[in-house]
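Structure, as structure tokens:
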Amino acid sequence: MDSNYIKNFTYSLGADVCGIGSIERFKDAPKGFHPLDIYSEAKSVISIGKHFPASLFDANTKVPYTFVKNKTFQLLDDISLKLTLNIETQGYKAIPIPSDEPYEYWDSENKHGRGILSLKHAAQACGIGCIGKNTLLINEKYGNRLYFGAVITNIELTSDDLARNLCNESCNICLKSCPQSALDGTTINQKKCRQVSITSTPGGGPLYSCYTCRKLCPFSKL
């Protein structure tokens, strides 16, 4: 089983992008959030992504964006699970990483959550793109319109080349447009962000209400 097999199988399941990074690519991962903290025999990380349509930014309601985001997470989780099962049939081990919740780390005071593995950093380490000032991953083909899943495996796979930096040093549109001033060009203040980005409908359903930093970014409609 090699990198080409993994990628071809993943694309056959509906992934739009797939990248691979060796465990050495994750040396700067925070303690407790390294692939080896999840699976001690990890040798490689497989990052998968699906894009969403740019037309969502033109809707006059946040409902379509919320619907597509939730559906895309489901599709990514399905791909991760099927890839995991396929890897096991070949005699190897694999651990699927959820594309969204559950979180094990949650700072209630600061409303700061972390997945067991940072999927955008994993995607960057696997050569899919670079992280911009709005903390979103930017890909040459799909811009910032990608959501991610991942699988950790004990297979030693060939790493993809790292992507070049696409975020323009002189561009600060996302920083200036954020209604909560939650971005500093490197990180995001989740407490400020969540105050406006995660709301609910009158009936109590969750709604993603703000994605200004994604929408106004020059890479939103590639």
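The values are calculated or read from the model by the stated rules, or taken from the named source; none is laboratory data. None of the values given here were measured: they were computed from a predicted structure. So basically every Cβ, Gly included, is an ideal-geometry build from the backbone, and we count neighbours across all protein chains shown.
Only one of SER220, SER181, SER170 is at positive phi and not in a helix (DSSP H, G or I); which?
That would be SER181, the only listed residue that is at positive phi and not in a helix (DSSP H, G or I).
Which one of the conditions (1) buried (at least 16 other Cβ atoms within 10 Å of the Cβ); (2) within 16 Å of the chain's Cα centre (by Cα); (3) of a type outside the set (A, V, I, L, M, F, W, C) does ARG114 fail to meet, given that it meets all the rest?
Exception for ARG114: condition (1).
For LEU157, all conditions in the list (1) at pLDDT 95 or above; (2) in contact with a strand residue (DSSP E or B) (Cβ under 6 Å, 6 or more places away or on another chain); (3) closer than 23 Å to HIS51 by Cβ; (4) assigned to a loop (DSSP other than H, G, I, E, B) hold save one; what is the number of the exception?
Of everything listed in (1) at pLDDT 95 or above; (2) in contact with a strand residue (DSSP E or B) (Cβ under 6 Å, 6 or more places away or on another chain); (3) closer than 23 Å to HIS51 by Cβ; (4) assigned to a loop (DSSP other than H, G, I, E, B), LEU157 misses just condition (3).
If you check TYR65, TYR39, which single one turns out to be of a type in the set (Phe, Trp, Tyr), over 17 Å from LEU146 (Cβ atoms), at pLDDT 95 or above and out of contact with any Gly (no Cβ under 6 Å at 6 or more places or on another chain)?
Residue meeting the stated conditions: TYR39.
Would you check if TYR11 is under 19 Å from the mean Cα position of the chain (by Cα), modelled with pLDDT of 95 or more, outside any loop (DSSP other than H, G, I, E, B) and of a type in the set (Phe, Trp, Tyr)?
So TYR11 fits the description; yes.
Search region 25-60 for residues being among the basic types (Lys, Arg) and surrounded by fewer than 12 Cβ atoms within 10 Å (Cβ to Cβ), and hand back the single one that is farthest from ASN139 (Cα to Cα).
This residue is LYS31.
Search region 137-177 for residues being under 18 Å from ILE188 (Cα atoms) and in contact with a helix residue (DSSP H, G or I) (Cβ under 6 Å, 6 or more places away or on another chain), and hand back the single one that is surrounded by the fewest Cβ atoms within 10 Å (Cβ to Cβ).
Going through the qualifying residues, I end up with SER177.
Can you confirm whether ALA182 is aliphatic (A, V, I, L, M) and in contact (Cβ under 8 Å) with a residue 24 or more places away in the chain?
Numbers: aliphatic (A, V, I, L, M): yes; in contact (Cβ under 8 Å) with a residue 24 or more places away in the chain: no.
Taking the combined requirement at face value, the residue does not satisfy it.
Filter region 113-136 down to the residues that are of a type outside the set (Val, Ile, Thr) and either assigned to a loop (DSSP other than H, G, I, E, B) or free of Cβ contacts under 8 Å to residues at least 24 places away in the same chain (or both) and list them by number.
The answer is GLY115, LEU117, SER118, CYS126, GLY127, GLY129, GLY132, LYS133, ASN134, LEU136.
Would you mind stating whether LYS82 is closer than 20 Å to ASP37 by Cα, surrounded by 15 or more Cβ atoms within 10 Å (Cβ to Cβ), more than 14 Å from the chain's Cα centre (by Cα) and of a type in the set (D, E, K, R)? It would help to see each step written out before you state the result.
Details: closer than 20 Å to ASP37 by Cα: no; surrounded by 15 or more Cβ atoms within 10 Å (Cβ to Cβ): yes; more than 14 Å from the chain's Cα centre (by Cα): yes; of a type in the set (D, E, K, R): yes.
Taking the combined requirement at face value, the residue does not satisfy it.
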